[in-house]
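This report refers to the structure that appears directly beneath it.
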Amino acid sequence: MRYLILGGGLQGRALAFDLLTYDPGCEVIVGDNHEENLELTHRLIKDKNLRTVKVDVFDEEATARVMEVIDVAISSLPHTWPFTEKFYQGVVKAGVKGVLTDYWEWPRHYEFDDPLKKAKTAVIPGLGIVPGFGNICVGQAAHEFDQLEEGAIYCGGLPVRKNLPPLNYMEMFIMESLFDLYYTNPQIIMDGEVVTLKCVEDIEKIYIPGVGETEAIYTDGLYSLLKTMKEKGVRKLTEKTLRYPGHYEKVEILRSIGFLDKEPLKVGEIEVSPRKFTEALFSRKLKKIPGERDFTYLLVRVKGIKDGKRVEKKWEIMDYSDEVNGLTSMERTTAYPSSIAAIILAHDKTELYGIVEPELYFIGDKFKKMVDELALRGIYVYESLL
């Protein structure tokens with residue numbers, strides 16, 4: 001198989017290394033517009049089946065030419081719609097399968113459903129941890145149960161050491177995405193309907209085994225589950241993000257003052273976006289500390305009816321950073337579901353067209369394959385009845 005990874009940053013390099021390791025004999029092309037990323041990729045991954053190419057995704061013709069020689073394209077590009085749109089346009093033009101780690105502005109992905117079907121190809125978006133494997137667990141529950149009634153997803157990436165100043169936190173992924181998390185009013189399913197809540201409200205206490213107490217707030221991580229699970233008659237479905245106690249209180253103070261506002265503010269002779277300024281400042285102040293371990297915790301709880309009886313079950317993941325290879329746990333738990341998905345999709349010979357929701361595709365045998373493959377990478381999924 002031949003894979004193309006667009007975006008040669010840390011996430012893209014993790015994807016490339018994983019594909020070369022776990023799909024023996026495959027070829028991987030890493031495409032990026034920055035020479036330094038391509039040079040670093042070659043220095044860190046020494047494999048005869050790795051190739052790099054300088055490509056600008058905003059050059060549609062050049063992107064399609066690179067895609068024409070591969071089986072699956074994987075987007076590890078910045079999580080903004082212009083990049084996502086260009087990825088889709090390239091996939092459609094080349095007629096190849098695609099995988100995205102992101103799901104920002106998820107309803108807009110369906111703009112490419114018909115073009116993908118006409119091109120007789122498919123894209124599976126939202127393949128990280130959340131959105132990603134946590135959402136897939138909900139889909140698996142709906143597959144297993146006669147009727148899934150409720151579900152709750154909890155996820156958080158945190159430093160192992162508590163009380164790191166100034167926010168009891170350490171940067172696990174790009175700061176822009178972090179602020180989107182705090183600034184976006186979350187949507188959930190309540191009484192069978194999609195409702196919108198206010199951000200940073202209703203803090204819930206969640207205990208993580210071996211870690212202790214954390215705080216959880218509703219965040220906007222359900223994405224296409226709002227569509228697929230509503231259609232399946234699910235009555236209640238939520239997603240929350242975990243942080244150490246006190247973190248959200250400090251963030252809310254910053255937000256209430258205006259530090260997270262996007263609208264430019266005039267300061268003297270210049271205009272500056274408070275949010276852009278805060279992102280830049282926090283990227284420096286909250287930067288990952290070398291040698292400081294981190295972890296990612298995922299908990300998915302579901303309730304439903306199976307064989308005429310009420311059933312409750314849960315899935316859990318506790319994953320730690322890989323300090324030897326310099327990967328945060330969030331990078332591991334985001335990159336590996338994406339690479340596993342790409343391998344499964346590449347080897348799937350069934351006719352699959354359009355936008356394919358991960359929670360509808362990775363069920364049954366494919367769910368088991370995903371769990372088994374994660375275990376090979378040292379990410380263990382614990383499943384239990386409640």
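The values are calculated or read from the model by the stated rules, or taken from the named source; none is laboratory data. All values reported here derive from a predicted model rather than from experimental measurement. Cβ placement follows ideal geometry from the backbone for every residue including glycine, while neighbour counts extend to all protein chains displayed. Side chains included, ligands, DNA and RNA excluded: accessible areas come from the protein's heavy atoms. Shrake-Rupley method; radii C 1.70, N 1.55, O 1.52, S 1.80 Å.
Straight-line reach from K118: taking Cα to Cα under 21 Å and skipping same-chain neighbours fewer than 8 places apart, the lysines in range are K86, K93, K97, K349. Relative to its residue count, the stretch 242-297 spans a Cα convex hull of 104 Å³ per residue. Using only alpha-carbon positions in the stretch 1-130, the gyration tensor eigenvalues give semi-axes of 23, 15, 14 Å once each is multiplied by 5 and square-rooted (largest first). Only one item in (i) 1.07; (ii) 0.98; (iii) 0.95 matches Rg/Rh (Cα atoms, Kirkwood Rh) derived from the coordinates shown, and that item is (iii). Relative contact order for the chain: 20 percent, from Cα pairs under 8 Å spaced at least 6 residues apart, divided by residue count. About its Cα centre, the stretch 33-115 has a charge dipole of approximately 440 debye under the convention of +1 per Lys or Arg Cβ and -1 per Asp or Glu Cβ, with nothing else charged. W81 contributes about 20 Å² of solvent-accessible surface, heavy atoms of the protein only, 1.4 Å probe. For K314, the lysines whose Cα falls under 16 Å of its own Cα, not counting residues fewer than eight places away in the same chain, are K236, K240, K303, K306, K368. Kirkwood's formula applied to the C-alpha pairs of the stretch 257-381 gives a hydrodynamic radius of 18.7 angstrom. Where nothing but the Cβ of Lys and Arg (+1) and of Asp and Glu (-1) is charged, how large is the charge dipole of the chain around its Cα centre, in debye to the nearest 20? That gives the chain a dipole magnitude of about 520 debye. Over the stretch 135-178, the alpha carbon radius of gyration divided by the compact-protein estimate 2.2 N^0.38 Å works out to 1.78.
Leaving ligands and nucleic acids out of the surface, order E269, E357 by accessible area at 1.4 Å, largest first.
Working: E269 170, E357 15 Å².
Accessible-area ranking of E269, E357, largest first: E269, E357.
Indicate, rounded to the nearest 5 percent, the antiparallel portion of the DSSP beta bridges found entirely in the chain. In the chain, DSSP labels about 65 percent of beta bridges as antiparallel. Taking only protein heavy atoms and a 1.4 Å probe, the accessible area of the chain is 51% carbon and sulfur. For S273, the residues 5 or more places off, or on other chains, whose built amide H falls under 5 Å of its own are L265.
Rounded to whole Å, give me the distance from the Cα center of the stretch 334-386 to that of the stretch 1-30. Between the Cα centre of the stretch 334-386 and that of the stretch 1-30, the gap is 17 Å.
Estimated from the Cβ-Cβ distance and a Förster radius of 41 angstrom, the FRET efficiency linking D59 and K309 is about 0.10.
Computed from backbone phi with θ = phi - 60° and the Karplus coefficients 6.51, -1.76 and 1.60, the 3J(HN,Hα) list for the stretch 216-232 is 10, 10, 4, 10, 8, x, 7, 6, 5, 4, 4, 8, 5, 7, 4, 5, 8 Hz; x is used for glycine and proline.
Taking M330, M190, M170 in turn, the Gaussian network model of the chain (Cα-Cα springs below 10 Å) assigns the largest fluctuation to M190.
What ranking, highest mean first, results for peptides 270-277, 131-138 when packing means the other Cβ atoms within 10 Å averaged over each residue? All intermediate terms of the calculation are to be shown ahead of the outcome.
Working: 270-277: 13.8, 131-138: 28.6.
Ranked from most to least packed, the peptides come out as 131-138, 270-277.
In debye to the nearest 20, how big a dipole does the stretch 240-386 give about its Cα centre with +1 on each Lys and Arg Cβ and -1 on each Asp and Glu Cβ? Mind dumping the intermediate values first?
Numbers: 26 positive and 24 negative charges, 88 e Å.
Computed about the Cα centre, the dipole is about 420 debye.
Comparing I189, I363, I208 in a Gaussian network model of the chain where C-alpha atoms under 10 Å apart are linked, the largest mean-square fluctuation is found at I208.
Rolling a 1.4 Å probe over the protein heavy atoms gives the chain an accessible area of 44 Å² per residue. Any idea which of L50, I5, L116 is furthest toward the positive side of the dipole for the chain, if Lys and Arg beta-carbons carry +1 and Asp and Glu beta-carbons -1? Among L50, I5, L116, the one farthest towards the positive end of the dipole of the chain is L50.
Give me the net charge of E263's neighbourhood, meaning all other residues with Cβ under 15 Å from the Cβ of E263; Lys, Arg count +1, Asp, Glu -1. It would help to have the intermediate numbers written out before the result.
On the way: positive: R255, K262, K266, R275, K276; negative: D261, E271, E279.
Here the count lands on +2.
Please compute, over every Cα-Cα pair in the stretch 332-386, the percentage with a separation greater than 13 angstrom.
That fraction is 65 percent.
Overall, the ratio between the Cα radius of gyration of the stretch 57-187 and 2.2 N^0.38 Å, rounded to two decimals, is 1.26.
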